[in-house]
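Engineer: Sharing a structure here in structure tokens format.
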Amino acid sequence: MTYHVTEFGDALHNMRPGDVLAFGGNGTVSGVVKLVTKSVVSHVGVVLSQDKMIDSTSINGQCGVVVSQLASRIPTYDGDVWWLPLSDRLHETMNKTAFFDFLMKQDHKKYDVLGAVEAGLCSLGVCIDIEDKSKFFCSELVTAGLEAAGVNINERPAYVSPAQLCGLNIYSGNYHQLRGTSKMIETYKN
């Protein structure tokens, strides 16, 4: 995989629905996620269009699934941001209607705190079976959206951490850091 540092404005016009956005926040919760998963990534979202993304987060007084403008989220994020484009093959074969339909039905659902803890424990080898489809944490939402589009993840969305999502064999040959201190995602494999 080839790592690039790319200006957000230069990348924006090349982003496609389904591309993953990875975040490495500077806050306390992000620090715990990074420590548990041994990664620089603490959060993920997914591109809906060239100007929108969806994720499950705490932002602007809301805690849960939100649709945001890319141009307002990425340049102001407190931390690192990477863009992980899906492979061309997946872009050609994914069912974009099912992708949008699934994700838009999740808009405004609550954040799944217990599920996020479960995914963290699972990344340490302690998997328990608590799945609540009425709520989502970030990588669970993105994984479920990609699966709804026909992307084969081979893992239950409730067990996928942000770092694990970044390590899946679904991306193109390049990934790009859009914001923050230059660093590679060490769990990024293809």
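Derivation of every value follows stated rules applied to the coordinates shown; laboratory data play no part. Quick caveat, the model's predicted, so the values are computed rather than measured. Glycine also receives a Cβ, built like all others from the backbone with ideal geometry; neighbour counts cover every protein chain displayed.
Engineer: As a test, work out the antiparallel percent of DSSP beta bridges whose residues both lie in the chain, rounded to the nearest 5.
Structural biologist: Just about 80 percent of them are antiparallel.
Engineer: Right, next: Per DSSP helix of 4 or more residues, -39500 (n - 2.57); summed, then divided by the residues of the chain. What does that give at 222 nm, rounded to the nearest 500?
Structural biologist: After summing the helix terms and dividing by residue count, I get -9000 deg cm²/dmol.
Engineer: Among the listed pairs Lys52/Lys105; Lys109/Lys183; Lys135/Lys183, which have their C-alpha atoms separated by more than 22 angstrom in this model?
Structural biologist: From Lys52/Lys105; Lys109/Lys183; Lys135/Lys183, over 22 Å: Lys109/Lys183; Lys135/Lys183.
Engineer: Report the one residue of Thr37, Ser87, Ser72 whose Cα lies farthest in the direction of the positive end of the charge dipole of the stretch 2-179 (charges on C-beta: Lys and Arg +1, Asp and Glu -1; origin at the Cα centre).
Structural biologist: Farthest towards the positive pole: Ser72.
Engineer: Report the residues of the stretch 8-35 in range of a label on Lys96: point 7 Å along Cα→C-beta, backbone N strictly under 17 Å from it.
Structural biologist: Residues 12-20 qualify, since their backbone N sits under 17 Å from the label point.
Engineer: Charges only on Cβ, +1 for Lys and Arg, -1 for Asp and Glu: so what's the dipole of the chain about the Cα centre, in debye to the nearest 20?
Structural biologist: 100
Engineer: Same structure, new question: Explain nothing, just the number: relative contact order of the stretch 2-179, from Cα pairs under 8 Å at least 6 residues apart, as a whole percent.
Structural biologist: Relative contact order of the stretch 2-179: 31 percent.
Engineer: Using modelled amide H (1.01 Å from N, peptide plane; none on Pro or chain starts), what sits under 5 Å from the amide H of Tyr171, excluding residues fewer than 5 places away?
Structural biologist: Answer set, sorted by chain and number: Ser87.
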